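A.B. asks: Provided herewith is a single structure, encoded as C-alpha cells, for subsequent inquiry.
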Amino acid sequence: MSGIFDTKIEFLKGVGPQRAALINKELNIFTYGELIQHYPFRYEDRTKFFKIRELSAELENVQVIAKIKQVEIIGLGGKRRLVAHVADETGEMEMTWFKGIQWVQPKLPAGATFIFYGKPALYGRKWSIAHPEMEPLSAANETRNNFQPVYSTTEKLKAKFLDSRGISKIMEQLVQVCLPQIQETLPSEILQQYQLIGKQESIRQIHFPSQPDLLQRARKRLKFEEFFFLQLRLLMMKLTRIEKFRGQPLSNTELLTEFYKNHIPFELTNAQKRVIREAFTDMKSGRQMNRLIQGDVGSGKTMVAFICMLIAISSGAQACLMAPTEILANQHYEGLRQYANMMGLEIALLTGSVKKARRKVIHESLESGELKILIGTHALLEDVVQFKNLGIAIVDEQHRFGVAQRAKLWAKNEEFVPHVLVMTATPIPRTLAMTLYGDLDVSVIDELPAGRKPIQTVHRYDKDRLKVFGFINQEVQKGRQVYIVYPLIEESEKMDLKNLMDGFESISRAFPQYPISIVYGTMKSDAKDFEMQRFVKGETKIMVATTVIEVGVNVPNASVMIIENAERFGLSQLHQLRGRVGRGAEQSYCVLMSKVELSKDSRIRLDTMVRTNDGFEIADVDLRLRGPGDLMGTQQSGITDLLIADLSRDAQILTLARDAAQQVLANDPELNQPQNAPILRQVRQQKKHAVNWSRIS
Ligand code: ADP
Ligand code: MG
C-alpha cells in the first residue's frame, strides 16, 4: 500500500513547492505520512479572550479580539517594521511584524476585526504583540469551544506563515484527504481488551480534539500503538535469536556442589539464589542465554558471576569476564582469584598493560583449554584471543559497552554462541530496560546481603566545611577510611584539576597526621594503581580522587564518601559514587557538598539522594529529569525516538503494550492468523520505511 501516505507534501493544497522545501528542511518531513504524524505537542484552551486593559506582563500567550484602526510601516532597511494599531472597547495596543511585511500588510484592512494571539509585552506605555497569530473574527470562531493544538515550528517557518495555526490549517486539508485511507493497525480483540479507540478516530482527535476526554483516549491509543510495535519488534528479535542460535547445554553442577559445601564464604541472599536459578535454567536448556542482571551496588553480582562460571566449567567449558576499565578488571581478578584458587582452577588477567610474553602464555593456555577463567578489559575482544570452548561470557557494567562489542563476544565460539550474562549496577527503570534490553531476559537482585546498614546521606554547604572536616577526623579516629571526590569533566579540565589539587592541599593541611592518597584520570597508570593499592590496604586513610573511582571499586573499610560540588554530578553518578561506601559492617555516610544557590534540577537531585538509597527510585527521577535519550548516552538513544509516547511518563501504557505484544506472539509467533493481519501489515510497513528501526539492529 504505497499511495497516499508516500505522496510528497508539496502536492497538498496550501503547501506548494516553496513551503514544502522549507518544511522538508526545518521539520525533516517529506510525505503525507510523515506530516500526519507531526502531532501537536500540547493543547491550549482558547476559550478565554482578554480585554486590552486586562493585559499584564505575567501572562503567557493571550487571545485578544481587536479592530484594526491604522496600519503603517515604520523605519527603514533592516529595521523596517509593520505596525497595526488596534483597539477594543477598553484600550489600544499594537501588533508588530518584522518579517514577511509584504505578506501581512494586505491582510490587514482598516476596520476589520481579528482574533490575535501571542505574548504581550509592554513597550513604553503600550502593549504590543510581535508576530501574533491571527484570524478574522467570525461567529463560528468566537464561540468555539475546543482545545487548540500547538505544533512545534521554527522561526523560518513562522516567517512563511507556518506558525502553529498555519500548520493546523494544512493539517485540516491533510486529515481530510488521508483519513479515509488510514487503516487500523491493531486487531479488534486488542482494541476491546485494552479499551482503545480506533486509529482513524485517534488521528482525527489528536489534531482536532472535539472533547477533552476523547483527546485523552486518542493520545492513549497512539501511545499504546507506538509501544506495542516497538515491543513487538524487540520480542520478535528475541524469538529469532532463540531459533537461530543453539546454546551449549551446560548442566553439570559438580564444581558448584563442591564450592557450596567447602568454600563459599557467606550464605547467598535469596535474590542471589533466585538469579542463579534463572541463569542455570537458561544454561542447561540448549537455548543460548542472553540475560541482563540488574543489581544495585553491593548486591553481590560478582558471586553470581562466579557461580555461573563454575556451572560452565563443570561441563568442560571456559568462562570469561569483561570489565570496562583496568582498575575494575584488576579488582575482579583479585577477588575471583581467591575463589578460583580454592577450587584449583586456572585463572588469568588480560588487559592492555599485560606484557607480550605473558600474553602469549595466556593465548596458548586458552586454546589448549587449560585456562578456565579469563578476566579482562576490551583486550578480550581481540581476534587473537581464542578459546578452546568458551561457554559463558560475562560483561560487567554493560552501559559502557556498545551492542557491537557484545556481538564480538558472540563470535568467540564457533559451534555454539557462548551464553551471555550482562551485569549492570546502573538501575535502569523497568520501562527503559524493557525497551533497551527488550531482547534480553532480565533478572534483578533486589536484596542486599544481610547486616548492611543503609548509608546515611546529608547535604552540606561549603560554609559547613569545618564541621565536615571534624566529622572526617572523627571517623578516621575510629579506624575508617574516607573518599573525597571532585568533579572533573573535559570542558573545564584545567579548572577542575586545579580544584582537585587545591582540595588535596587543604585536606593535607587539615590532616597532617594522616597519610592521604590522590588519584585522577591523567595520572600514569602505575602511579594510579600504586595509590589505589595503598588505600585498599588501609595504608592511606583519605582518598582524594576524581570519578575514576566511580565504578566497582571495593574497599569495605571505607565508610565516608564526601562529594565536592555535588550539584555538578548527575544522579546515577552520585548513586554510583555513594555505592563505594556501605560495603562493610560499619555505619556509612555520604556527604554532598554544594554551593548555596542551586538550580531547580540540582536541588531535586540532591534532595533525592538524601531521601532514598533505592537505585530504582533514583533512576526514575533521573529519567524524569533528563529524558531517556540522555540517560543512555547518544549512541543508544535512537531506540527511544518516540513520536508521542514517553518512556518516563507512560510506564503503565508501556507495560500494557508489552503484555499485549507478548500475548500476540505467544499465540501466533509468525503473525499468520487472520485476526493478526493488521499487525503484520503494519510490521511490514514499518520495515519498509525503517525510520526508527534502522538504528536499533
Ligand atoms: P556488586 O553487585 O556491586 O558488584 P559485589 O559483588 O562487589 O557487589 O559484592 C559486594 C560485597 O558484598 C563483596 O565484598 C562481597 O564479597 C559481599 N557479598 C556478596 N554477596 C554476599 C552475601 N550473600 N552475603 C554477604 N556478603 C556478600
Ligand atoms: Mg561489581
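A.B. asks: Name the residue, out of Val442, Val420, that is away from ligand 2 (no atom under 16 Å from the Cβ), part of a strand (DSSP E or B) and open to solvent by less than 10 Å² (accessible area, probe 1.4 Å).
C.D. replies: Val420
A.B. asks: Can Gln173 be described as in contact with a Leu (Cβ under 8 Å, 6 or more places away or on another chain), assigned to a helix (DSSP H, G or I) and of a type outside the set (A, V, I, L, M, F, W, C)? Let's see the steps before the verdict.
C.D. replies: On the way: in contact with a Leu (Cβ under 8 Å, 6 or more places away or on another chain): yes; assigned to a helix (DSSP H, G or I): yes; of a type outside the set (A, V, I, L, M, F, W, C): yes.
When the stated conditions are applied, Gln173 passes them.
A.B. asks: Evaluate segment 599-607: report whether one residue or more is outside any loop (DSSP other than H, G, I, E, B), touching a residue at least 40 places away in the same chain (Cβ under 8 Å) and within 16 Å of ligand 1 (Cβ to nearest atom). Don't jump to the end; show me each part of the working.
C.D. replies: The initial filter retains those residues of segment 599-607 that are outside any loop (DSSP other than H, G, I, E, B), namely 600-607.
Among the residues that remain, those that are also touching a residue at least 40 places away in the same chain (Cβ under 8 Å) are: 606-607.
Now narrow it down to the ones that are within 16 Å of ligand 1 (Cβ to nearest atom): none.
No, segment 599-607 contains no residue that is outside any loop (DSSP other than H, G, I, E, B), touching a residue at least 40 places away in the same chain (Cβ under 8 Å) and within 16 Å of ligand 1 (Cβ to nearest atom).
A.B. asks: Within segment 12-51, track down each residue that is assigned to a helix (DSSP H, G or I) and open to solvent by 30 Å² or more (accessible area, probe 1.4 Å).
C.D. replies: Result: Pro17, Gln18, Arg19, Ala21, Leu22, Asn24, Lys25, Glu26, Leu27, Glu34.
To keep it simple, each residue is scored yes or no on (1) within 28 Å of Lys355 (Cα to Cα); (2) more than 16 Å from ligand 1 (Cβ to nearest atom); (3) buried (at least 17 other Cβ atoms within 10 Å of the Cβ).
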| site | (1), (2), (3) |
| --- | --- |
| Leu500 | no, yes, yes |
| Gly503 | no, yes, yes |
| Ser506 | no, yes, no |
| Arg509 | no, yes, no |
| Thr522 | yes, yes, no |
| Ser525 | yes, yes, no |
| Ile542 | no, yes, yes |
| Ile562 | no, yes, yes |
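A.B. asks: Going through segment 83-101 one residue at a time, which ones are closer than 15 Å to His131 by Cβ, in contact (Cβ under 8 Å) with a residue 24 or more places away in the chain and either in a strand (DSSP E or B) or of a type in the set (Gly, Ala, Ser) (or both)?
C.D. replies: The answer is Ala84, Val86, Met93, Glu94, Met95, Thr96, Trp97, Gly100.
A.B. asks: Which residues, counting only those in segment 486-498, are loosely packed, with under 14 Cβ neighbours inside 10 Å and within 20 Å of Arg578 (Cα to Cα)?
C.D. replies: Across segment 486-498, the qualifying residue is only Ile489.
A.B. asks: Output the number of residues of segment 206-224 satisfying the condition of being closer than 19 Å to Asp650 by Cβ and under 30 Å from the mean Cα position of the chain (by Cα). Steps first, answer last, please.
C.D. replies: As a first pass, look at segment 206-224 and keep what is closer than 19 Å to Asp650 by Cβ: 206, 209, 212-224.
Checking the rest, the ones that are also under 30 Å from the mean Cα position of the chain (by Cα) come to 206, 215-224.
The total comes to 11.
A.B. asks: Considering only residues of segment 189-235 that are open to solvent by 20 Å² or more (accessible area, probe 1.4 Å), basic (Lys, Arg) and touching a residue at least 24 places away in the same chain (Cβ under 8 Å), which is farthest from Ile170 (Cα to Cα)?
C.D. replies: Arg233
A.B. asks: I've got another one for you. Within 16 Å of ligand 2 (Cβ to nearest atom), at pLDDT below 85 and either within 17 Å of Gln294 (Cα to Cα) or open to solvent by 30 Å² or more (accessible area, probe 1.4 Å) (or both): is that true of Thr435 in this structure?
C.D. replies: In short, no.
A.B. asks: On to the next question. Go through Ala319, Ala323 for me and flag whichever is buried (at least 23 other Cβ atoms within 10 Å of the Cβ) and more than 13 Å from ligand 1 (Cβ to nearest atom).
C.D. replies: Ala319
A.B. asks: Turning to a different aspect of this structure: Return the residues of segment 238-269 that are over 30 Å from the mean Cα position of the chain (by Cα) and of a type in the set (Lys, Arg); say none if nothing qualifies.
C.D. replies: Arg246, Lys261
A.B. asks: For segment 298-311, does any single residue satisfy the condition of being more than 30 Å from Asn613 (Cβ to Cβ) and either within 9 Å of ligand 1 (Cβ to nearest atom) or modelled with pLDDT of 95 or more (or both)?
C.D. replies: So far as segment 298-311 goes, yes, one or more of its residues are more than 30 Å from Asn613 (Cβ to Cβ) and either within 9 Å of ligand 1 (Cβ to nearest atom) or modelled with pLDDT of 95 or more (or both).
A.B. asks: Which residue out of Leu157, Leu186 is in contact (Cβ under 8 Å) with a residue 24 or more places away in the chain, crowded, with 17+ Cβ neighbours inside 10 Å and more than 15 Å from Pro678 (Cα to Cα)?
C.D. replies: Leu157
A.B. asks: Considering only segment 609-623, how many residues are assigned to a helix (DSSP H, G or I) and either open to solvent by 60 Å² or more (accessible area, probe 1.4 Å) or of a type in the set (A, V, I, L, M, F, W, C) (or both)?
C.D. replies: 10
A.B. asks: Shifting gears a bit: Return the residues of segment 289-313 that are open to solvent by 10 Å² or more (accessible area, probe 1.4 Å) and more than 12 Å from ligand 2 (Cβ to nearest atom); say none if nothing qualifies.
C.D. replies: Correct list: Arg291, Ile313.
A.B. asks: Given the criteria within 14 Å of ligand 2 (Cβ to nearest atom) and of a type in the set (A, V, I, L, M, F, W, C), does Leu328 qualify?
C.D. replies: The answer is yes for Leu328.
A.B. asks: Can you tell me which of (1) open to solvent by 10 Å² or more (accessible area, probe 1.4 Å); (2) over 24 Å from Asp439 (Cα atoms); (3) modelled with pLDDT of 95 or more is the one Arg274 doesn't meet?
C.D. replies: (2)
The values are calculated or read from the model by the stated rules, or taken from the named source; none is laboratory data. Not measured: the values here are computed from a predicted model. Neighbour counts are summed over all protein chains in view; Cβ atoms, including those assigned to glycine, are modelled from backbone coordinates with ideal geometry. Each accessible area value is taken on the protein alone, full model and side chains, heavy atoms only, with ligands, DNA and RNA left out. Shrake-Rupley method; radii C 1.70, N 1.55, O 1.52, S 1.80 Å.
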